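In what follows, a single structure is set out as structure tokens and then discussed.
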Amino acid sequence: MSDRVNDRARKMEELFFKKQDVELLERMRAERADKEISDQLMAASGIDNGPVIDALVSVGVTADSMTSVAMIPLVFVAWADRQMEDTEKVAILSAAASVGIKEGTASYQLLATWLEHRPDHHLLDAWKGYIAAVQDKIEVAAGTQLKNSVLGRAEEVAKAAGGFLGLGNKISDVERNVLDDLSAAF
């Protein structure tokens, strides 16, 4: 009887360690996948700042969706008043097309999600970290050009739904606050 008990105890022990091994193996695979995504994003963006890359990965940005990063400021301007107007969607999709974001791509799918569901503020924080890292790597003139491009597109989105019957100030106070916050990131 004692052999039978020992046999069962050994089998339970083997099952326990097998389950632990499987969990550890799954965790190692997930960590390796995250590392690969980070490495690919680092290569695509030219940013070698680990925390910035980690922040971008944590909000779903991959090397394939990197171009959608350019749309983040536009999305936050459009959501400034906590609603996405159809005219703002059209303006954002037009801007996306102008930078090569095509329907069916990972970038487009990510952008479509942001247009339907207001993204968490962590996405904007990750974008600001991205801009800071980019600013450290490029010349002043290129940084100014980037800033003007980003803010120009964001301002167009702000104007898309503004004013009353096309008259008056087309940029609301909350949109202006977001634009000022975006500008400060540069």
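The values are calculated or read from the model by the stated rules, or taken from the named source; none is laboratory data. Treat the numbers as computed from the prediction; the structure is a model and nothing was measured. Note: ideal-geometry Cβ built from the backbone for every residue, glycine included; neighbour counts use all protein chains shown. The area values use the complete protein model at the heavy-atom level, side chains included, leaving out ligands, DNA and RNA. Shrake-Rupley method; radii C 1.70, N 1.55, O 1.52, S 1.80 Å.
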Among the residues of region 161-186, count how many are at pLDDT below 90 and open to solvent by 60 Å² or more (accessible area, probe 1.4 Å).
6
Scanning region 72-98 residue by residue, those of a type in the set (A, V, I, L, M) and open to solvent by less than 20 Å² (accessible area, probe 1.4 Å) turn out to be 72, 74, 75, 77, 78, 92, 95, 96
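Consider residue 61 carefully, then state whether it is modelled with pLDDT under 80, crowded, with 20+ Cβ neighbours inside 10 Å and assigned to a loop (DSSP other than H, G, I, E, B).
Yes; evaluated as a whole, the condition is true for this residue.
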Checking the structure you have, find out if any residue of region 137-144 is buried (at least 16 other Cβ atoms within 10 Å of the Cβ) and among the hydrophobic types (A, V, I, L, M, F, W, C).
no
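Is it true that residue 158 is modelled with pLDDT of 90 or more, crowded, with 19+ Cβ neighbours inside 10 Å, touching a Leu at 6+ places or on another chain (Cβ under 6 Å) and part of a helix (DSSP H, G or I)?
Considered against the rule, which asks whether it is modelled with pLDDT of 90 or more, crowded, with 19+ Cβ neighbours inside 10 Å, touching a Leu at 6+ places or on another chain (Cβ under 6 Å) and part of a helix (DSSP H, G or I), residue 158 comes out as no.
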Look at region 87-107 and say how many of its residues are in contact (Cβ under 8 Å) with a residue 24 or more places away in the chain and not in a loop (DSSP other than H, G, I, E, B).
10
